[in-house]
1. Restricting attention to the range 33-46, does a residue exist that is within 14 Å of the ligand (Cβ to nearest atom), of a type outside the set (A, V, I, L, M), closer than 17 Å to I185 by Cα and in contact (Cβ under 8 Å) with a residue 24 or more places away in the chain?
2. Please tell me if F303 is under 20 Å from the mean Cα position of the chain (by Cα), of a type in the set (A, V, I, L, M, F, W, C), in a helix (DSSP H, G or I) and buried (at least 20 other Cβ atoms within 10 Å of the Cβ).
3. Answer yes or no as to whether L95 is closer than 21 Å to F288 by Cβ, surrounded by 24 or more Cβ atoms within 10 Å (Cβ to Cβ) and either of a type outside the set (F, W, Y) or touching a residue at least 40 places away in the same chain (Cβ under 8 Å) (or both).
4. Considering only residues of the range 210-247 that are modelled with pLDDT of 95 or more and among the small types (G, A, S), which is surrounded by the most Cβ atoms within 10 Å (Cβ to Cβ)?
5. Being surrounded by 17 or more Cβ atoms within 10 Å (Cβ to Cβ) and more than 13 Å from the ligand (Cβ to nearest atom) is the filter here; which residues of the range 133-147 pass it?
6. I'd like the full set of residues that are in contact (Cβ under 8 Å) with a residue 40 or more places away in the chain, assigned to a loop (DSSP other than H, G, I, E, B) and surrounded by fewer than 19 Cβ atoms within 10 Å (Cβ to Cβ), limited to the range 174-191.
Amino acid sequence: MADIFFVFFLGAIQALRELPIAINTEAANEQHYELPVEFFKLVLGRHLKYSSALFNSECYTLDEAEEAMLAIYCERACLRDGQTVLDLGCGWGSLSLYIAKNFPNCKITSVSNSARQKKLIEDECRRMGYSNVSVLTCDMNSFEANASFDRIFSIEMFEHMKNYEKLLYKISTWMHADSLLFIHIFCHKTFAYHFEDNCDDDWMARFFFTGGTMPADNLLLYFQSHVSIEDHWNVNGKHYSKTSEEWLKRMDANAERLKPLFHETYGSEAGKWWVYWRTFFIAVSELFGYNDGEEWMVSHYLFKKK
Ligand SMILES: C[S@@+](CC[C@H](N)C(=O)[O-])C[C@H]1O[C@@H](n2cnc3c(N)ncnc32)[C@H](O)[C@@H]1O
C-alpha cells in the first residue's frame, strides 16, 4: 500500500513540474484579494494577517495571536536588523509592516499580485513614517527580483502555486550563500491535492480557491534541486481553526457595516455571497480543527540555497 501511494505521489509531483508556476491567477485575485479593504479591516485582526495566527498560552485575542505568529517567523528565520528582506505574497502587509516596525534597519521588498494590497501597505507606511518598505504588484509567474536578499519569506502564498520546482529555482536566484528562505503553508499531514478549476461540485475550488493546491506536509521536500531544507516545523491545525472562528465572529459582529460593502461588490448576489463568506470561514475552522488539529495543519520550512 505504501509503495502504491509513493508511486502515485511521485506521478503527481511530476505533474506539478509540468504546470506554470501559478494558474487561474485572475480568478484567485477576484475571489479574495480585490474585495474592498474595509472588509478585511473589519474581519481580520489589527495586523490584517490573512493567514493562520498562533494562539499560544499568552494569546487571548486575535491581535495578540497574529503578533505571536509574526514574531515566530522572524525568530525561526533568524532575522537580524539591517538585513534585506523579500516578502512574497505580502497580502495587506502583515509581515512586511511588522518587520518595518521591529527591525527598523531592514530594507523590505513586498510583492503580491493585488494593486489594492500595494496601496494599503503604502498608505500605512506613510501613516507610520516607515521608509524601508517598497511594494511591487506582480504575478509570481513573471516576477523577477533582479537582486539578492538576506531573508525571503512567503506566508500562505505557495498554496496558490503549482510548479514548485520552477518557483523555488526562481527564488534561489535571489539568494546568496547566507540567505534563508522561510515558508509558511497550510497543508494536509499526508495528501496533496488540487482545488480543481473545472470541478463544479467542489464548492471551495469553485468560489474561493480556484486553481489552488492543498500541499502535503512533505510536498516541498520533493523540490530540493536548488534549495535545501534546514529546518521544518508543524503547527497544530487548531491555531488556524481558532483564527477562522475569530474572522467569522468579527464578520457577524460587523454585519451592519459590512453588508453595504457586499452590495457594492456583489450587487444582486450580495445575500448569497454573505452566506458564502460565512461558510468559507466555518469550513476553514472545521477543517483545521478536525482530528484535534492533527490532520490539516500549518507547516513552516527553512531553506538555504544549494
Ligand atoms: C493568503 S494571502 C497571505 C497574505 C499574507 N502573506 C499574510 O499572511 O497576511 C496570499 C497572498 O498571495 C498573493 N498571491 C496569490 N497568488 C499570487 C500570484 N500568482 N502572484 C503574486 N502573488 C500572489 C495574494 O495576493 C496574497 O497577497
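The values are calculated or read from the model by the stated rules, or taken from the named source; none is laboratory data. Since the structure is predicted, the reported quantities are computational estimates derived from the model, not experimental observations. All Cβ positions, glycine included, derive from the backbone under ideal geometry; neighbour counts span all protein chains shown.
1. Within the range 33-46 (the criterion being within 14 Å of the ligand (Cβ to nearest atom), of a type outside the set (A, V, I, L, M), closer than 17 Å to I185 by Cα and in contact (Cβ under 8 Å) with a residue 24 or more places away in the chain), the answer is no, since none of the residues qualifies.
2. So F303 fails the test.
3. yes
4. G237
5. V133
6. The answer is K189, and nothing else.
Matching residues to (1) crowded, with 17+ Cβ neighbours inside 10 Å; (2) over 26 Å from I155 (Cα atoms):
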| position | (1), (2) |
| --- | --- |
| F262 | yes, yes |
| S268 | no, yes |
| N291 | no, no |
| E295 | no, no |
| S299 | yes, no |
